[in-house]
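Here is the structure we will look at.
The values are calculated or read from the model by the stated rules, or taken from the named source; none is laboratory data. The structure displayed is predicted, hence computed values, not measured ones. Don't worry about glycine lacking a Cβ; one is built from the backbone with ideal geometry, like all the others, and counts go over all protein chains shown. These area figures cover heavy atoms from the full protein model, side chains too; ligands, DNA and RNA do not enter into them. Shrake-Rupley method; radii C 1.70, N 1.55, O 1.52, S 1.80 Å.
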Amino acid sequence: MTDISEAFVTALHLLVSFDPNLIEIVGLSLRVSLSAVALAVLIGLPVGAALALFKFPGKNAIVVFVNALMGLPPVVVGLVVYLMLSRAGPLGVFGLLFTPGAMIAAQAILVTPIVAALTRQVVADLWVEYSEQMRSMGAGPVSAIPALLYDARFTLVTAILAGFGRASAEVGAVMIVGGNIDHVTRVMTTAIALEVSKGDLALALGLGIVLITISLGINAATYTVKQRAEAVWT
Amino acid sequence: MNDATPRATTADASMSRTARASIMPLRVEDVSFDAGGKRLVDHVSFELAAGPRTFILGPNGAGKSLTLRLCHGLLTPSTGRVVWEGASPNEDPLKRQAMVFQRPVLLRRTVAQNIDYALKLHNVPPADRPGVVDDVLNRTGLARFAKSPARHLSGGEQQKLALARAWATKPEVLFLDEPTASLDPAATHAVENIIDTMHGEGTRIVMTTHDLAQAKRHADEVIFIYAGRVLEKTPADEFFSSPRSGEAAAFLEGELRW
Ligand SMILES: Nc1ncnc2c1ncn2[C@@H]1O[C@H](COP(=O)(O)OP(=O)(O)OP(=O)(O)O)[C@@H](O)[C@H]1O
Ligand SMILES: [Mg+2]
């Protein structure tokens with residue numbers, strides 16, 4: 001018991017003294033997850049909007065597929081990205097394996113379906129309501145896309161926050177494709193896994209506190225955005 | 001009536017109006033519309049000339065809203081065609097019309113932004129838009145709501161906003177689907193005044209209503225639709241004094257069964 005409370009005190013000390021090791025890990029985690037979310041938004045918003053607005057053969061299958069991808073296990077994504085990026089894999093020449101780039105790619109694959117699926121849902125619902133009015137004002141589905149994304153902005157922000165939550169909390173994918181190399185690819189979740197297995201609880205606890213804070217922050221932001229949207233716009 | 005024109009685009013709009021021929025007349029040729037395996041609009045033909053206010057009357061489910069949508073170009077006819085005689089072949093005639101729906105559809109933005117967006121779609125330059133927005137809001141009595149979320153307005157105010165948004169784009173033809181259906185007498189009067197003003201400015205009015213007193217006050221001609229067919233198209237005073245079809249007579253008596 002004293003072990004744990006000692007570790008907790010040390011953890012707090014690491015946090016308030018901005019321990020360089022801890023800061024480096026947190027910084028890399030944020031860099032990787034934010035980059036992955038940015039990529040996911042770049043791909044997921046247009047894909048989601050296109051799935052919502054256009055009819056094409058195989059569309060329903062793609063919608064089901066994208067929805068299913070939302071629940072993809074991170075370790076499976078890690079494994080697939082590993083196979084793609086490994087020396088013998090199709091993308092092996094880029095030498096990305098065990099770099100932050102590989103981790104960004106893996107997390108982007110985890111987050112993109114969330115952004116795409118939720119974008120599709122909210123844009124499709126809006127389009128049911130808006131399409132006749134938009135057409136009457138002279139806008140077809142393509143020219144209406146910016147307006148639809150703008151009017152769906154609150155829901156989209158919550159989707160993006162959910163994506164960031166998934167990216168920053170997952171451990172399986174970054175562990176496999178990043179390798180948890182000190183000073184190179186060590187992020188919060190992989191560091192926690194390692195430190196706990198080594199029996200060094202202080203750093204693990206410190207990072208755990210940061211992760212919980214981020215998670216709380218995401219939920220608070222989501223709640224605030226929803227409240228505001230419901231109060232003002234719907 | 002020139003002073004009733006939204007300010008900032010007066011010059012360009014009147015210029016474009018004189019530069020282009022009117023898109024009228026509208027010819028509806030043998031138009032049918034099928035959905036769900038049923039013929040809902042059944043071989044309808046009529047012609048609307050520039051000028052008068054046309055009221056489309058008929059019982060619930062007769063096909064009035066569908067007919068408006070077919071004319072406006074929101075629905076594609078299953079048979080026949082809708083021809084705007086004055087439109088040039090390479091333009092979308094829909095851009096020169098507007099429609100106010102039975103249930104107003106407002107964007108999740110402020111009142112002013114709703115109008116601004118319609119102006120943007122009509123290629124009004126950004127610098128000219130605020131003037132038009134202010135003007136149209138003043139004329140419709142909505143100025144104090146300019147910065148409110150549009151969907152916070154009451155039903156009547158939302159209907160006025162839908163009308164203001166249509167007005168701002170200076171349509172040559174305005175279709176209105178029961179624009180006063182859920183309004184109190186004062187709001188009904190206000191909406192009727194706006195429609196009259198637009199008519200005075202040269203906008204061709206085509207609307208439906210279940211308010212026969214309103215139709216008597218404002219209609220110049222009546223198209224009576226029953227079970228998806230046009231039973232008559234008559235000058236309004238004639239329609240109300242001596243309708244040609246038995247169905248129209250029964251409708252006016254309030255005895256028509258659907
Ligand atoms: N997409 C559709 N699929 C099947 N039936 C439809 C569709 N749209 C309209 N209808 C039917 O077509 C008929 C005419 O509809 P419409 O909305 O034009 O009636 P209306 O004359 O405007 O009636 P109201 O006075 O109640 O507004 C109705 O019976 C309606 O149920
Ligand atoms: Mg109707």
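Annotations for the structure displayed:
- Entirely in the stretch A:110-199, the helices (runs of 4 or more DSSP H) that have 1 or more residues that are away from every other protein chain (no Cβ under 14 Å): A:153-169, A:172-178, A:188-198
- For A:Ala204, the stated conditions do not hold, so it cannot be described as farther than 19 Å from A:Glu24 by Cα and among the aliphatic types (A, V, I, L, M).
- Restricting A:Asp3, A:Asp19 to residues that are within 27 Å of A:Ala102 (Cα to Cα), of a type in the set (D, E, K, R) and in contact with a Leu (Cβ under 9 Å, 6 or more places away or on another chain) narrows the list to A:Asp19.
- In the stretch B:156-196, the residues that are surrounded by fewer than 16 Cβ atoms within 10 Å (Cβ to Cβ) and away from ligand 1 (no atom under 16 Å from the Cβ): B:Asp184, B:Pro185, B:Ala186, B:His189, B:Asn193, B:Asp196
- Members of the stretch B:52-68 found to be closer than 11 Å to B:Ile225 by Cα and more than 9 Å from ligand 2 (Cβ to nearest atom), listed by number: B:Phe55, B:Ile56, B:Leu57, B:Gly58, B:Pro59, B:Thr67
- The residues of the stretch A:218-234 that are open to solvent by 60 Å² or more (accessible area, probe 1.4 Å) and touching a residue at least 60 places away in the same chain (Cβ under 8 Å), listed by number, are A:Lys226, A:Arg228.
- Any chance B:Val105 is more than 14 Å from chain A (Cβ to nearest Cβ) and either modelled with pLDDT of 95 or more or not in a strand (DSSP E or B) (or both): no
- Listed by position, the strands (runs of 3 or more DSSP E) enclosed by the stretch B:203-254 that each have at least 3 residues that are away from chain A (no Cβ under 14 Å), open to solvent by less than 10 Å² (accessible area, probe 1.4 Å) and within 16 Å of ligand 2 (Cβ to nearest atom) are B:221-226.
- Selection count, the stretch B:60-86, where residues are in a loop (DSSP other than H, G, I, E, B) and either surrounded by fewer than 17 Cβ atoms within 10 Å (Cβ to Cβ) or not assigned by TED's automatic domain parsing to the domain that holds B:Glu253 (or both): 6
- When B:Val100 is tested against (1) within 16 Å of ligand 1 (Cβ to nearest atom); (2) open to solvent by 30 Å² or more (accessible area, probe 1.4 Å), only condition (2) is not met.
- Residue count for the stretch B:60-88 satisfying the condition of being away from ligand 1 (no atom under 12 Å from the Cβ) and among the aliphatic types (A, V, I, L, M): 3.
- Number of the exception - B:Phe145 against (1) among the hydrophobic types (A, V, I, L, M, F, W, C); (2) open to solvent by less than 30 Å² (accessible area, probe 1.4 Å); (3) over 22 Å from B:Ala219 (Cα atoms): (2)
- Subset of the stretch B:32-59 that is within 11 Å of ligand 1 (Cβ to nearest atom) and closer than 19 Å to B:Asp211 by Cβ - its residue that is surrounded by the fewest Cβ atoms within 10 Å (Cβ to Cβ): B:Pro59
- The lone exception for B:Ala98 - which of (1) within 11 Å of chain A (Cβ to nearest Cβ); (2) more than 21 Å from B:His218 (Cα to Cα); (3) not in a loop (DSSP other than H, G, I, E, B) it fails: (2)
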